[in-house]
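The values are calculated or read from the model by the stated rules, or taken from the named source; none is laboratory data. Small disclaimer: the values here were computed from a predicted structure and weren't measured. Glycine also receives a Cβ, built like all others from the backbone with ideal geometry; neighbour counts cover every protein chain displayed.
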Amino acid sequence: MRNSQPSAKVVLGQTGMEVLRIGMGGIPIQRLTPEQSDRVLEKAIEMGITFFDTARIYTDSENKMGRVLPRHRKQVVIATKTFRRDRHSVEKEIETSLTQLRTDFIDLYQCHNIASAAELEEILSSGGALEALVRARESGKIRHIGISGHKPAVVLKAVEAFPFATIQIPFNHLETEALEALIPFARKKKIGIIAMKPIGGGNIRNIALNFRFIFQNGIDVAIPGMDSDAQVDENVSASREIGPLNRQESALLEAEKTRLGNLFCRRCEYCLPCPQGLPVAFLHVLRNYYFLYDLKDWVRERLKTLPKTFKDCTACRTCVAKCPYQIDSPAIFKKTWETLQAEEAP
């Protein structure tokens, strides 16, 4: 019989921290006013969410979480991340995080987006980021040390080299590379597993089936980004049934995977800011609505409201260099604009 109870809590690896399986990612609240962010965060807590993930690089996300989470400190787990790789810089980042989050300690501090063997070597070396994090853990400023990364092979090397308490990786029914070796290794070592991009940057429509796929494949906590009460309701509600998928449900997810393909934007927004001011991630969303969901009139009207669109891309390729997935947005935007023009022609 399927489990249709509200999303169960889970202990995150060996940290001893018990959290709801659905957490909250801190990227989208950057777009909100402080008052709007307050309401969404309070709504998340009201719905039972206990795990909140942010990062130093997410502009004012830490500060916004710091306006609300301290009022609920005993029931929430606060996680943040640093992009710095050396001890001195990370020491400063930790102090800034403590100040912005308005807390005396941070539950989980992660090395953010370790993307290569060279970066891994840098944080592991003498004077590297991990020296600062270990010292901060010893002094009580942080409780646990984690790592995030978009490349499972690199993250696997990291957890083989250092006893990270958690890993944070992209995982959903479209992105399953971590199943080959990383997730089995993490489960064996009792490392907590956090899924970022759990709904593929908003591309996935079968959210409830997707969450069931995620949790039946070893993920402890999924952290979709949310910037409205409706999204909080949708994600928490969609995760309430966590039983295994049947053959028909699996087929539905496979059909969606075939339709979306591999090179889809996850809306992580690491590509921003665009030198030309293009809303890169949002343009990918509009492109999906146009081609995948046949909302052509709606997309054309929406494009009229934007100061910069597909036609304004200069192919400087700054976004490609910063994208964790090396998505060739300039080429995609060029083709999209050509198609829009061709279909609009009499």
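Scan Phe264, Phe282 and give me the residue that is modelled with pLDDT of 85 or more, surrounded by 14 or more Cβ atoms within 10 Å (Cβ to Cβ), of a type in the set (Phe, Trp, Tyr) and under 20 Å from the mean Cα position of the chain (by Cα).
Numbers: Phe264 fails: modelled with pLDDT of 85 or more.
When all the criteria are applied, what remains is Phe282.
Considering Ala178, Ala195, the condition of being crowded, with 23+ Cβ neighbours inside 10 Å, part of a helix (DSSP H, G or I) and under 17 Å from the mean Cα position of the chain (by Cα) is satisfied by Ala178 alone.
If we keep just the residues of region 249-286 that are small (Gly, Ala, Ser) and in a loop (DSSP other than H, G, I, E, B), which is nearest to Thr176 (Cα to Cα)?
Taking region 249-286 as the starting set, the residues that turn out to be small (Gly, Ala, Ser) are 250-251, 255, 261, 277, 281.
Checking which are in a loop (DSSP other than H, G, I, E, B) leaves us with 261, 277.
Numbers: Gly261: 13, Gly277: 33 Å.
Filtering first and then ranking leaves Gly261.
Among the residues of region 94-136, the ones that are assigned to a helix (DSSP H, G or I) and closer than 25 Å to Ala44 by Cβ come to 7 in all.
Taking Thr96 as the residue in question, decide whether it is of a type outside the set (A, V, I, L, M), under 27 Å from Val10 (Cβ atoms) and either assigned by TED's automatic domain parsing to the domain that holds Pro184 or over 18 Å from the mean Cα position of the chain (by Cα) (or both). Answer is no for this residue. Which of the numbered conditions does Ser228 fail, given that it passes all the others? Conditions: (1) surrounded by 21 or more Cβ atoms within 10 Å (Cβ to Cβ); (2) more than 26 Å from Ile183 (Cα to Cα). Ser228 satisfies all of (1) surrounded by 21 or more Cβ atoms within 10 Å (Cβ to Cβ); (2) more than 26 Å from Ile183 (Cα to Cα) except (1).
For region 10-53, name all the residues that are in a loop (DSSP other than H, G, I, E, B) and among the small types (Gly, Ala, Ser). Matches in region 10-53: Gly13, Gly16, Gly23, Gly26, Gly48. Would you point out the residue of region 267-279, among those that are in contact with a helix residue (DSSP H, G or I) (Cβ under 7 Å, 6 or more places away or on another chain) and modelled with pLDDT of 95 or more, that is farthest from Ala55 (Cα to Cα)? Looking at residues that are in contact with a helix residue (DSSP H, G or I) (Cβ under 7 Å, 6 or more places away or on another chain) and modelled with pLDDT of 95 or more, I get Gln276.
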